[in-house]
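Working notes, structure below.
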Amino acid sequence: MWPDLIRKAKEGGLDAVETYVFWNAHEPARRQYDFSGNHDIIRFLKTIQDQSLYAILRIGPYTCAEWNYGGFPVWLHNMPGVSLRTKNDVFMNEMKNFTTLIVDMVKKEKLFASQGGNIILAQIENEYGNVMDPYGDDGKSYINWCAQMADSLDIGVSWIMCQQTAAPKPMLETFNGWYCDEYKPKDPNTPKMWTENWTGWFKSWGGADPLRTPEDLAYSVAQFFQKGGTLQNYYMYHGGTNFGRTSGGPYITTTYDYNAPLDEYGNLNQPKWGHLKQLHDILHSIEYSLTNGDVTNEKLSNLVMATIYQTKEKSSCFLSNTNTKIDVNVNFGGINYFVPAWSISILPDCREEAYNTAKLKSIFVSTQTSLMIKKLNKAEGEPSSLKWTWRPELIESASVQGRGDVSLNKIVDQKDMANDASDYLWYMMSIDVAKDDPMLNGTVTLRVNDTGHVLHAFFNGEYIGSQWSKYGNNNVTYVFERNINLSLGKNLISLLSVTVGFKNYGPMFDLVGAGITSPIELVLNKNIVKDLSSNKWTYKVGLNGISNKFFDIDCASKSSSKWVSDPIPIYRNFTWYKTTFKAPLENKPIVVDLLGLGKGMAWMNGHSLGRYWPSYIVDKQLCKTETCDYRGRYSNSKCVSKCGEPTQRWYHVPRSFLKDGENTLVLFEEFGGNPSGVQFQTVEIGSVCINTHEGKEVELSCQDRPISKIKFASFGSPQGVCGSFDKSENDSEVDALSILEKECVGKESCSFKITEDKFGTPSCEVKKLAVEAVCEEFTF
């Protein structure tokens with residue numbers, strides 16, 4: 001996907017691509033490196049270079065990024081004497097080794113700008129200033145060491161430190177956030193740089209879908225450059241997918257769409273992509289004024305400020321209205337302008353208004369909106385439903401027999417024991433109950449403290465229940481309690497702890513526990529407590545099916561006789577399912593719909609698609625009833641949607657994971673679900689819309705497919721939004737639909753100007769054209 005994504009970024013008006021370098025991906029075990037396949041950072045940087053774009057290399061090597069453990073390998077945490085992100089020789093030696101490795105690889109390929117390459121900036125550490133205070137003097141020593149170590153690598157381009165006020169020289173400080181208008185570097189000689197403009201937000205299991213409107217995002221960018229900004233980066237321009245076990249948090253979803261201008265699958269997220277492209281084009285057109293002009297500000301009213309960038313050759317201007325409610329008409333330079341609330345107009349020559357950030361109120365922006373749909377697999381000869389085989393996960397050795405790998409007389413943190421080799425860790429303990437033990441004849445409660453992920457409990461081989469943290473309570477210990485009946489003699493407690501990504505942010509985040517924690521207790525009649533924490537506990541990392549690679553095609557074929565085709569059990573926990581299918585035709589992105597399943601992991605031809613959890617329904621109360629309003633400062637709780645629905649129902653299947661002929665999907669179902677409704681679908685444009693004012697030249701485009709139908713078209717003051725337009729009584733009587741049918745149907749795109757001569761005269765002051773065009777389905 002890299003070339004296509006980078007090409008679309010360039011077409012969207014970007015000049016550079018910024019990327020992290022994930023330490024745990026490239027050094028999964030100490031001194032064992034992986035730069036193959038999608039981990040080939042050099043190939044990625046060269047792909048950016050092939051498109052004549054610059055690159056910004058954020059080595060970190062701490063990254064945050066909602067990535068598992070913030071990008072740190074867990075083996076680092078388990079090194080004797082180590083303390084992360086502070087003055088600690090063990091940690092600093094490892095950090096220096098990895099950073100030097102990356103720099104040397106890049107130098108060897110001559111990719112730094114100082115060598116004639118395209119990398120113009122590099123970053124060391126990441127957002128340390130946000131968390132530095134709790135580290136005290138050792139934190140200050142550490143950040144100074146980071147600067148000295150990075151500088152000693154002599155890369156010939158500047159190093160940056162984001163969110164690091166007064167960064168140690170020669171590092172340059174930068175800013176991250178939703179808005180950067182008021183930010184000023186501590187050093188007046190440091191350029192004002194914005195390393196992360198958050199285009200939306202990430203999702204957590206149980207969380208609603210985020211939306212940052214194109215109008216507000218464009219407003220933040222225009223305001224940044226109005227106020228002297230020099231470099232602005234979108235986080236994310238494309239977020240993609242957390243394949244495998246890469247998502248952190250904990251509780252970060254497999255999708256990392258982020259409501260970015262390029263969606264999870266690489267499609268243009270319209271109108272956001274197009275709205276920003278037009279802004280980028282305008283900013284490029286006034287680049288000389290912005291970089292060479294003398295700056296003055298002129299207050300035009302209590303609400304509107306004009307900023308003038310003046311050179312001998314030309315002047316360029318911004319008109320900004322920061323009020324969240326009131327639209328304003330102002331006179332500037334003898335010309336009247338309408339500046340909507342919470343918007344900025346850009347005048348490249350300080351006279352003609354070329355762009356306004358507030359699309360809903362603007363007569364200047366005409367980007368189309370694309371409604372994406374999901375269509376069923378149309379592979380040749382593919383049956384309407386998938387045929388499944390299954391096999392059980394063999395848990396008896398742990399739940400019944402208590403057999404494991406190591407035994408200790410204490411409860412151990414899951415990071416320490418599992419070393420991030422698996423989400424799953426068994427905690428097992430056998431307890432002898434004597435005849436005179438009062439717990440033998442009373443109501444006994446098993447009480448387990450857990451650190452906020454998932455717990456499955458067994459007693460004497462019988463499943464007794466599960467529990468997991470709820471949305472918004474991911475980092476708080478919860479208590480699992482179930483009544484049990486102890487037997488005379490040996491009794492076995494088997495607890496399966498499941499992590500859903502390790503914590504990735506915060507001061508000392510690396511020390512936050514994962515898995516089961518002390519105490520584990522037996523409680524009789526609420527007053528007699530027996531603490532089992534210091535008893536002999538046996539541990540086993542992983543599950544049988546994962547250790548034996550049930551998901552691997554070669555392994556699966558060798559043990560095909562163990563996969564049973566009939567009957568297929570449903571709603572059975574700890575069950576493996578397997579099916580085969582042919583890849584959908586065309587080249588559209590593919591998703592698998594896992595509605596009906598509980599929680600687990602999925603593999604395509606042996607490639608991990610990540611964790612799935614469609615049974616986790618978003619709380620309806622997270623969504624507000626009022627209409628989403630772009631005006632006013634954005635936060636991740638504003639404009640959310642999809643409440644009352646599965647947190648994530650569809651999971652990305654990259655075409656690079658597929659092969660010609662038969663493909664194999666393997667699911668490990670942890671909670672219990674029904675695979676009969678699983679479907680493969682393609683993601684494509686269903687229809688495209690415009691809704692803009694008279695005088696604009698507009699384009700409708702189905703990209704690589706023809707327009708098959710004009711579903712709606714009306715000129716005047718039509719109401720509604722794309723997908724649900726309605727005419728008003730003031731609309732023109734001219735049949736706009738018939739006009740556009742003749743001009744557009746059968747074409748992949750059509751362009752036209754909105755005029756009264758073409759579409760008639762409406763009986764209203766507002767003169768706006770709304771159109772919805774349907775994109776044709778491919779037939780074979």
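The values are calculated or read from the model by the stated rules, or taken from the named source; none is laboratory data. Just so we're clear, the structure is a prediction, and the values are computed from it rather than from any experiment. With ideal geometry, Cβ positions are generated from the backbone for all residues, glycine too; neighbour counts draw on all protein chains shown. Ligands, DNA and RNA are stripped out before the accessible areas are found, and what is left, the full protein with its side chains, is counted by its heavy atoms. Shrake-Rupley method; radii C 1.70, N 1.55, O 1.52, S 1.80 Å.
Among bridges DSSP assigns within segment 1-141, what percent are antiparallel (round to 5)?
Bridges in segment 1-141 that DSSP calls antiparallel: roughly 10 percent.
Using +1 at the Cβ of each Lys and Arg and -1 at the Cβ of each Asp and Glu in segment 395-542, identify which of A434, I411, Y505 lies farthest towards the dipole's positive end.
Highest projection toward the positive end goes to A434.
Under 14 Å Cα-Cα from K186, which aspartates and glutamates qualify once same-chain neighbours fewer than 8 residues away are excluded?
Reachable aspartates and glutamates: E173.
How far apart, in nm, are two points set 7 Å out from the Cα along the Cα-to-Cβ line at K299 and at H280?
Inter-label distance under the simple model: 3.7 nm.
What's the long-distance tail for segment 428-483, i.e. % of Cα pairs beyond 20 Å?
36 percent
Given C-alpha coordinates of segment 1-287, what is the ratio Rg to Rh with the Kirkwood estimate of Rh?
Value, to two decimals: 0.94.
For the pairs K227/K711; K272/K620; K8/K578, flag any whose C-alpha to C-alpha distance is greater than 32 Å.
Over 32 Å Cα-Cα: K227/K711; K8/K578.
Which GluC sites (Glu not before Pro) from segment 176-239 combine a DSSP loop assignment with at most 13 other Cβ atoms within 10 Å?
E182
Lysine pairs in segment 395-542 with alpha-carbon atoms under 28 Å apart, 8 or more places apart or on different chains: how many are there?
27
Given a 1.4 Å probe and every protein chain left where it sits, what share in percent of the accessible area of segment 300-452 is carbon and sulfur?
50 percent
For Cα pairs less than 8 Å apart in space and 6+ apart in sequence, what is the mean separation divided by the residue count of segment 1-287, i.e. the relative contact order in percent?
Here the relative contact order equals 16 percent.
What accessible area per residue, rounded to a whole number of Å², is obtained for segment 288-361 using a probe radius of 1.4 Å?
Computed with neighbouring chains in place, this is 50 Å² per residue.
Using alpha-carbon pairs under 8 Å, 6+ residues apart, how would you state the relative contact order of the chain in percent?
Result for the chain is 12 percent.
With viscosity set to 1.002 mPa s and temperature to 20 °C, compute the Stokes-Einstein D of segment 66-140, Rh being the Kirkwood radius across alpha carbon pairs; µm²/s, no decimals.
Using the Kirkwood radius from Cα pairs, D works out to 149 µm²/s.
Two-decimal Rg/Rh of segment 395-542 from alpha-carbon positions, Kirkwood Rh?
Radius of gyration over Kirkwood radius for segment 395-542 works out to 0.97.
Within 10 Å of each candidate Cβ there may be at most 11 other Cβ atoms; applying that plus a DSSP loop requirement, which GluC sites (Glu not before Pro) in segment 617-681 survive?
Here the GluC sites (Glu not before Pro) that fit, given the DSSP loop and packing criteria, are E626.
Check the cysteines of the chain one by one and keep only those with no other cysteine Cβ under 4.7 Å from their own.
By the Cβ distance rule, which asks for a partner under 4.7 Å, the isolated cysteines are C64, C146, C162, C180, C555, C764.
Could you compute the net charge surrounding I42? Neighbours are other residues with a C-beta less than 14 Å from the C-beta of I42; K and R count +1, D and E count -1.
Computed value for this residue: 0.
Ordered by packing density, taken as the mean number of other Cβ atoms within 10 Å over each peptide's residues, highest first, how do 747-760, 114-127 rank?
Ranked from most to least packed, the peptides come out as 114-127, 747-760.
With the crude spin-label approximation of a point 7 Å out along Cα→Cβ, what separation in nm comes out for L5 versus H693?
3.8 nm
Give the span of segment 685-780's Cα atoms along each principal axis, as three whole-Å numbers ordered largest to smallest.
In descending order, the Cα extents are 47, 24, 18 Å.
If you restrict to DSSP beta bridges whose two residues both lie in the chain, what percentage is antiparallel, to the nearest 5?
85 percent
Starting from the Cα of K108, draw a straight line to each of the aspartates and glutamates and keep only those under 17 Å, dropping any in the same chain fewer than 8 residues away.
Reachable aspartates and glutamates: D40, D154.
For the chain, take N as its residue count and report Rg(C-alpha) divided by 2.2 N^0.38 Å.
1.06
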